[in-house]
Structures are given as structure tokens and as C-alpha cells.
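Structure first, commentary second.
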Amino acid sequence: MSSTISKPKLTQANSKSTSGRLFFLELSGGRILTANPDGSELKTIISEGRQLPDGIVVDVEAGHIYWTNMGSLKANDGSIDRADLDGSNITSIVPPGGTFTPKQLQLDKNNGKLYWCDREGMRVMRCNLDGSNIETLLDTSQGDSRPGPDATKWCVGIALDVEGGKLYWTQKGPDNAGRGRIFRANLEMPTGQTPANRNDVEVLYDNLPEPIDLDLDLADRMIYWTDRGDPPRGNTVNRAPMDVTPGTNIVPEILFPNLMEGIGLVLDLKGRRMFFTDFGGSVYRANLDGSEKKMLLFAEGNLAGIAYAELPVAA
């Protein structure tokens, strides 16, 4: 990603300007909202009702947004939908029941894959961009029936290091119990193993209040995450090194305290900033080191996942 590339001369034909845009989910009303990175020009582009949307990603090249719907938390009716960037042409790509309670969603554009965590389904899953070839990469149920009754087995947030061949995820644990963990494993299943008996799973961080969504700064090798547990370590945005020996007991750095149940998180690595949401209805921005904190929007409902994209500006 950091290789030096000679820049072509900009001409009217090949020069393209872009503009940043936020897309985020309001869970209780089943809405997808979009705004400028400063919170201006807020509008609702999709309103689907009580499907409980949670995770969202943007495929700029294809002009699509993808999002997860948790559905009923006790029924096997979770789904993943796709729409155009303006909210039109809504299509269900993973139909209800294709996953139980899908949470944070990530896009691997180069390999044409979507990855997500299935909370009450106690799984990490992926599929093709058209919803085909649904796979379970990890099964944490240990034989429990779905919906899983043990919150320590609930997979919630997910992040990808595609070049490094790794995926990262959170298992939040019971509410405010201090049993949350962050894990790492290979993107591809080890030969001869199954989702339930993989031996490449590492626990990087444990005894966390209630970790939720994840994102990665691969250049600086840092994990960022929200935590919706109790203060002082919960209701926060945190970061810690990716390359840690399991069991080292590094204390994560708190970058932003006093959230109202932190949920969504996305990094704008080019701009060296992050955007995040809380269940109290606010959208925030801060630099990656936690400086220049700012609330962009508030009282917008129960906010969940958030995505940032650089969109082409029409000439």
C-alpha cells in the first residue's frame, strides 16, 4: 500500500476529484443515513423498519453499500442487503436465515468477499459479493444451540488484514462483565481442520469490558475498537498493538472516553482520523491519536455501524 507510484499528468479526461462521505445505521428505526465528514448535509437514504441494521461497508468502485440486518435476536432470520449509494435498488443478497444475527461487516474487494460476525450464531462468516458461497470460518458454539445463550461465545466486531492473511474479531462477553476478548486467526482454514476445532486462534486481549466494532491501521500495526461496557475502561474508543504476544497483558490506550455505549467505528487512514458512533445517537470524529475530538451529530436514534468513503465528484 505504501509503494511509490509515478503520478500521471492530470488532464481533463483523467483527473478525478473525490469527496468524503459518511454512511451510518440507525438501528431502532431501520434507517441508513449519510452525511458529510463534518456532519452537514445529513439525510436518510433508506428506511426499512425493524430489521435492526448493524454493520455497513461501501464498495465505491461498484457504487454499492452493503449492510447487515440482525432481525429478531431469538430467530434465525438475519440477512445482508445491498443498495446503490443513493439508497435505490435494494437487493437481499443473503436472505433471512442465511445467518443468525449478523453484526459488523467488512469488504475484501480484491477477492470479492464480504466478512461478518454472527453474534447469537456464534460464528465468523463470509460470502461472495453476490451472496453466494456462504462459509463459516469459525464456530465458537462448542455445541451450544442457536441462539447461543453464552455471551462469551458471541462474535461481534471484525477486521481484516488481507495482505497478512489474518482476521481479527471481538467476543464481547456478558454486559459489563469484563470478559470481552479480541482474537486473531488465519483468513483461510488450516488444512484438515473445521470451523469448530481450528488450532490457529489466538487471544490477543482479554478482560475487556465489552468490545464491539474493530478497525485496523496496518501501516502502524494498531487495532482500534469501541467498547460499550461500563466506565472507566468501557464506553470508550481504544487502541493497542496488533503484533502482541498472546498473554503479554498490554493495557490498551483509551483514546475517547464517556461514550453512551460505543458501537460503530471506521478509520480514515488517508486523513489520519476516525469516525465512531454510540447507541445514544451521536456521531464523533477524532484524530487517530485521540486529539481534536468533536461531536458531529447527536440525538439521531440508536446508532450502530458506520462507514467512510471517498466518492467521485461529478464534473
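The values are calculated or read from the model by the stated rules, or taken from the named source; none is laboratory data. None of the values given here were measured: they were computed from a predicted structure. Ideal geometry is used to build each Cβ from the backbone, glycine not excepted, and the neighbour counts take in all protein chains shown. Please note that ligands, DNA and RNA were not included when accessible areas were found on the heavy atoms of the full protein model with its side chains. Shrake-Rupley method; radii C 1.70, N 1.55, O 1.52, S 1.80 Å.
Results for (1) within 20 Å of ARG119 (Cα to Cα); (2) touching a strand residue (DSSP E or B) at 6+ places or on another chain (Cβ under 9 Å); (3) not hydrophobic (A, V, I, L, M, F, W, C), shown as yes or no for each residue.
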residue	(1), (2), (3)
ALA185	yes, yes, no
ARG198	yes, yes, yes
VAL201	yes, yes, no
PRO211	yes, yes, yes
ASP215	yes, yes, yes
ALA219	no, no, no
ARG233	no, yes, yes
VAL237	no, yes, no
ALA240	no, yes, no
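Which residue out of ASP175, ASP150, ASP86, ASP161 is within 25 Å of THR277 (Cβ to Cβ), more than 17 Å from the chain's Cα centre (by Cα) and modelled with pLDDT of 95 or more?
Numbers: ASP175 fails: modelled with pLDDT of 95 or more; ASP150 fails: within 25 Å of THR277 (Cβ to Cβ); ASP161 fails: more than 17 Å from the chain's Cα centre (by Cα).
Unique residue meeting the criteria: ASP86.
GLY280 versus (1) modelled with pLDDT of 95 or more; (2) farther than 25 Å from ASN176 by Cβ; (3) part of a loop (DSSP other than H, G, I, E, B): which is the lone unmet condition?
Exception for GLY280: condition (2).
Which of the residues spanning the stretch 131-171 are charged (D, E, K, R), open to solvent by less than 50 Å² (accessible area, probe 1.4 Å) and touching a residue at least 40 places away in the same chain (Cβ under 8 Å)?
Within the stretch 131-171, ASP139, ASP161 meet the criteria.
Say whether the condition of being in contact with a Pro (Cβ under 6 Å, 6 or more places away or on another chain) and modelled with pLDDT under 90 is met by at least one residue in the stretch 7-29.
Among the residues of the stretch 7-29, at least one is in contact with a Pro (Cβ under 6 Å, 6 or more places away or on another chain) and modelled with pLDDT under 90, which makes the answer yes.
Any residue at all in the stretch 225-234 that's hydrophobic (A, V, I, L, M, F, W, C) and either surrounded by 20 or more Cβ atoms within 10 Å (Cβ to Cβ) or at positive phi (or both)?
Kept after step one, since they are hydrophobic (A, V, I, L, M, F, W, C), are these residues of the stretch 225-234: 225.
Restricting the remaining residues to those that are either surrounded by 20 or more Cβ atoms within 10 Å (Cβ to Cβ) or at positive phi (or both) gives 225.
Within the stretch 225-234 (the criterion being hydrophobic (A, V, I, L, M, F, W, C) and either surrounded by 20 or more Cβ atoms within 10 Å (Cβ to Cβ) or at positive phi (or both)), the answer is yes, since at least one residue qualifies.
Consider the stretch 229-253. How many of its residues are touching a Phe, Trp or Tyr at 6+ places or on another chain (Cβ under 7 Å) and over 19 Å from LYS270 (Cα atoms)? Lay out the reasoning, then the answer.
Initially, the stretch 229-253 is screened for residues touching a Phe, Trp or Tyr at 6+ places or on another chain (Cβ under 7 Å), giving 236-240, 252.
Cutting the leftovers down to over 19 Å from LYS270 (Cα atoms) gives us 236-238, 240, 252.
Qualifying residue count for the region: 5.
Got a sec? Which of ASN176, ASN238 is touching a Pro at 6+ places or on another chain (Cβ under 9 Å) and either over 30 Å from LYS294 (Cα atoms) or assigned to a loop (DSSP other than H, G, I, E, B) (or both)? So that I can check it myself, show each step before the final result.
Working: ASN238 fails: either over 30 Å from LYS294 (Cα atoms) or assigned to a loop (DSSP other than H, G, I, E, B) (or both).
Exactly one residue qualifies, and that residue is ASN176.
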